[in-house]
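I have placed the structure first, in the form of structure tokens, so that the comments after it can refer back to it.
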Amino acid sequence: MVSSEQIGRVLVATLSRPPVNALDDRLIAALDAVVDRAIEDASIAVLHLRSDQRAFSAGADLALIEACFATPQGPDAMTDVVREMQRLYWRLESAPLVTLAEIDTLALGGGLELALACDLRVAALEARLGLPEARLG
């Protein structure tokens with residue numbers, strides 16, 4: 001789901017949840033573990049997030065959203081997932097090292113928020129960034 005490789009003082013973390021790195025509880029936990037590693041290892045100065053899929057991240061997993069609303073807890077279950085995402089973003093924002101998002105394709109919704117939580121973003125000319133949920137509600 002997230003592989004990592006240390007190259008010098010850079011920890012390169014590659015998101016790999018086919019097909020578009022949709023954020024679910026497992027991917028969030030895997031990213032949390034990478035952030036833990038980066039923060040705890042004093043030899044790491046930069047955390048570089050990238051993707052090997054069709055998208056950096058297309059945002060929240062729609063199947064997870066449906067599953068949350070199918071439970072009696074409904075919106076409360078979804079709120080818990082969103083809080084976990086926001087906690088991950090806060091950890092990236094406040095990490096005592098440089099964080100970098102490499103965006104070569106799509107970064108939408110929560111995926112764009114993930115990139116925005118990083119100190120630096122490098123986007124390819126053909127990259128597409130957006131918050132499609134802004135049209136909802």
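Centre-to-centre separation between the Cα atoms of the range 82-137 and those of the range 25-61: 11 Å.
Taking label positions 7 Å along the Cα-Cβ direction at both Gln73 and Ala29, the computed distance is 1.4 nm, reported to one decimal. Relative contact order of the range 1-124, taken over Cα pairs closer than 8 Å and 6 or more residues apart, is 28 percent.
Compactness of the chain, taken as the C-alpha radius of gyration over 2.2 N^0.38 Å, stands at 1.03. Within the shell of other residues whose beta carbon sits under 9 angstrom from the beta carbon of Glu102, the net charge comes to +1, with Lys and Arg scored +1 and Asp and Glu -1.
Across the accessible surface of the range 1-115, with the other protein chains kept in place and a 1.4 Å probe, carbon and sulfur atoms take up 57 percent.
Net charge of the neighbourhood of Val35, taken over other residues with C-beta under 14 Å away and scored Lys/Arg +1, Asp/Glu -1, is -4. Stretching the chain fully between Asp41 and Glu133 yields a gain of 29.5 nm (0.36 nm per residue, less the alpha carbon separation).
The values are calculated or read from the model by the stated rules, or taken from the named source; none is laboratory data. The structure presented is a predicted model; accordingly, all values stated were derived computationally and were not measured. As a convention, Cβ positions derive from the backbone with ideal geometry for all residues, glycine included, and neighbour counts pool all protein chains shown. These area figures cover heavy atoms from the full protein model, side chains too; ligands, DNA and RNA do not enter into them. Shrake-Rupley method; radii C 1.70, N 1.55, O 1.52, S 1.80 Å.
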